[in-house]
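K.L.:
Got a structure for you, questions after.
The values are calculated or read from the model by the stated rules, or taken from the named source; none is laboratory data. Given the structure is predicted, the values throughout are model-derived calculations rather than measurements. Note: ideal-geometry Cβ built from the backbone for every residue, glycine included; neighbour counts use all protein chains shown.
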Amino acid sequence: MENLKQELKAKIIENLNLEDFKVEDIDDNDSLFGDGLGLDSIDALELIVMLDKDYGIKISDPKKGKTIFESIQTMAQFIMDNKTK
Amino acid sequence: MAQCYINGIGSVSTQDTSNYKAFLKNHQELKENIVHVHKPNYRDYIKPASIRRMANGVKNGVVASAIALKEAAIETPEAIITGTGMGCTIDSGKFLKNIVDNNEQYLTPTAFIQSTHNTVGGQIALGLQCKAYNVTYVHNATSFETALIDALLMINDNQTTILVGGVDEIGDYSVSLHQLVGLVKEQDTMSNGILQSNSKGTIYGEGAQFFALENKKKDTAYAELVDVSIHDSIQDNEVQTRLLTFLKNHELKATDLDLVILGNNGDEEYDKHYNKLQNSIFKDTQQIYYKHLSGEYHTASSFGLWMAAQICKTQKIPEFLKLNTKKVTAIKHLLLYNQYRGENHSFTLLRSC
């Protein structure tokens, strides 16, 4: 789980070009959207594609996205529970 | 024809040009055959939230436009007109690579959104919240000149403030294709000796130059943009005739020009177009060049215009630009002539003001 969280932080920084952030700057419970990392709707699409491509998870219900992408902690837990690759 | 003045200029180039007040004061010789821009501090001009999705060309275009508008004290122009030969080639390459690598699956929006040719003009408009006329021209090495012609037509049609510019960026994949077909010199060439390299190909660069054009002269004015003419595919022996006709339309002869700014880039195969004019109708005229400073790219002539505007205003010609030495007492009429691999010929006429 800890390794997965570090992996997610690195992927988010790289895929979303968060030039000002380093892995250690992101706390597991920081909000990804809004006041936290400040991600937006285009980033949400990038994250959905990343879950599908890297972990074999398709999010069929967009309403669940808000909970899944709340923080690194919630994302990592969701991936642990649902990953197919 | 209404008069069209260059009241503000902005440049992000392979030289330190973002400080336009120090006109090529610390110019650098280019030591490699692929040369990237001298990066300004982008965060001085672009919000952090926007900057992370912008490719280099977009950032350079936004910065150059901001500098030009600020100098001319224009908040919102009545038109944004952009010329680009290759557009946002980095994000185009990224998006196409994703398609291939992922077997047409898992395509994300960011690279696609940023990959279109009109991304630069769009991002400038978004930053300014400008909903005015916004057009991007993509016509190889006459992209920038086409944008200038549109701007001149708009000024003539009673528009008052136009932002016009030329932008191109270096992308790894497009450069590899340029190298593959021999457009880039095989040996690294010091740029000040590029015209004596006696080899095919040239050095490639990138950059963004924007100009604030207005129908009224301001205190910041650099020059009057008189006319632009494009001749895409013409025979070698037609260049001189077309040029003389262009000048005649403005009641000028070749000997009336005080300065000619030529697009020589050290490609022995195509510099002959310039050499013919240099040794004939321009043999008694001061000649200068600029691609040893900017590198070649489809809108490199916008760097030539940036330089011409500076020379018009300062009435000074730096020694490292000169192709010959002629006595020039005052610079009133300047002509830029550019071509790209024997095609896309263009003439741009400036008058000091």
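K.L.:
Mind listing just one residue for me: the one in the range A:21-35 that is closer than 18 Å to residue B:53 by Cα and more than 11 Å from chain B (Cβ to nearest Cβ) and, of those, modelled with the lowest pLDDT?
P.N.:
Taking the candidates together, the pick is A:34.
K.L.:
Report whether or not residue B:153 is over 22 Å from the mean Cα position of the chain (by Cα), surrounded by fewer than 19 Cβ atoms within 10 Å (Cβ to Cβ) and either at pLDDT 95 or above or of a type in the set (D, E, K, R) (or both).
P.N.:
No, not satisfied.
K.L.:
Could you identify the single residue in B:99, B:46 that is modelled with pLDDT under 95, within 14 Å of chain A (Cβ to nearest Cβ) and in a helix (DSSP H, G or I)?
P.N.:
B:99
K.L.:
Read through the list (1) outside any loop (DSSP other than H, G, I, E, B); (2) in contact with a Ser or Thr (Cβ under 7 Å, 6 or more places away or on another chain), then give the number of the only condition that residue B:189 fails.
P.N.:
Among (1) outside any loop (DSSP other than H, G, I, E, B); (2) in contact with a Ser or Thr (Cβ under 7 Å, 6 or more places away or on another chain), the lone unmet condition for residue B:189 is (1).
For (1) within 30 Å of residue B:46 (Cβ to Cβ); (2) surrounded by fewer than 18 Cβ atoms within 10 Å (Cβ to Cβ); (3) within 14 Å of another protein chain (Cβ to nearest Cβ), each residue gets a yes or a no:
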| position | (1), (2), (3) |
| --- | --- |
| A:4 | no, yes, no |
| A:14 | yes, yes, yes |
| A:19 | yes, yes, yes |
| A:40 | yes, yes, yes |
| A:43 | yes, no, yes |
| A:71 | yes, no, no |
| A:74 | no, yes, no |
| A:77 | no, yes, no |
| A:82 | no, yes, no |
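K.L.:
Within the range B:183-197, which residues are of a type in the set (A, V, I, L, M), over 24 Å from residue B:324 (Cβ atoms) and either touching an Asp or Glu at 6+ places or on another chain (Cβ under 6 Å) or crowded, with 18+ Cβ neighbours inside 10 Å (or both)?
P.N.:
Scanning the range B:183-197 gives a single hit, B:184.
K.L.:
Continuing with this model, one more query. So, residue B:9, is that one assigned to a loop (DSSP other than H, G, I, E, B), at pLDDT 90 or above and either surrounded by fewer than 13 Cβ atoms within 10 Å (Cβ to Cβ) or of a type in the set (A, V, I, L, M, F, W, C) (or both) or not? Spell out how you get there, then give the answer.
P.N.:
Details: assigned to a loop (DSSP other than H, G, I, E, B): no; at pLDDT 90 or above: yes; either surrounded by fewer than 13 Cβ atoms within 10 Å (Cβ to Cβ) or of a type in the set (A, V, I, L, M, F, W, C) (or both): yes.
Judged against the criteria, residue B:9 is not a match.
K.L.:
Would you pick out the residues in the range B:80-96 that are more than 14 Å from every other protein chain (Cβ to nearest Cβ) and either buried (at least 21 other Cβ atoms within 10 Å of the Cβ) or touching a Gly at 6+ places or on another chain (Cβ under 7 Å) (or both)?
P.N.:
B:80, B:81, B:82, B:83, B:84, B:85, B:86, B:87, B:88, B:89, B:92, B:93
K.L.:
With respect to residue B:142, is the statement that it is outside any helix (DSSP H, G or I) and either surrounded by 19 or more Cβ atoms within 10 Å (Cβ to Cβ) or in contact (Cβ under 8 Å) with a residue 24 or more places away in the chain (or both) true?
P.N.:
Considered against the rule, which asks whether it is outside any helix (DSSP H, G or I) and either surrounded by 19 or more Cβ atoms within 10 Å (Cβ to Cβ) or in contact (Cβ under 8 Å) with a residue 24 or more places away in the chain (or both), residue B:142 comes out as no.
K.L.:
Counting just the residues of the range B:209-238 that are touching a Phe, Trp or Tyr at 6+ places or on another chain (Cβ under 8 Å) and farther than 24 Å from residue B:84 by Cα, which one comes out surrounded by the most Cβ atoms within 10 Å (Cβ to Cβ)?
P.N.:
B:221
K.L.:
Moving to a separate point now. Please determine whether any residue of the range B:112-135 is more than 25 Å from residue B:214 (Cβ to Cβ), modelled with pLDDT of 95 or more and part of a loop (DSSP other than H, G, I, E, B).
P.N.:
Taking every residue of the range B:112-135 in turn, none turns out to be more than 25 Å from residue B:214 (Cβ to Cβ), modelled with pLDDT of 95 or more and part of a loop (DSSP other than H, G, I, E, B).
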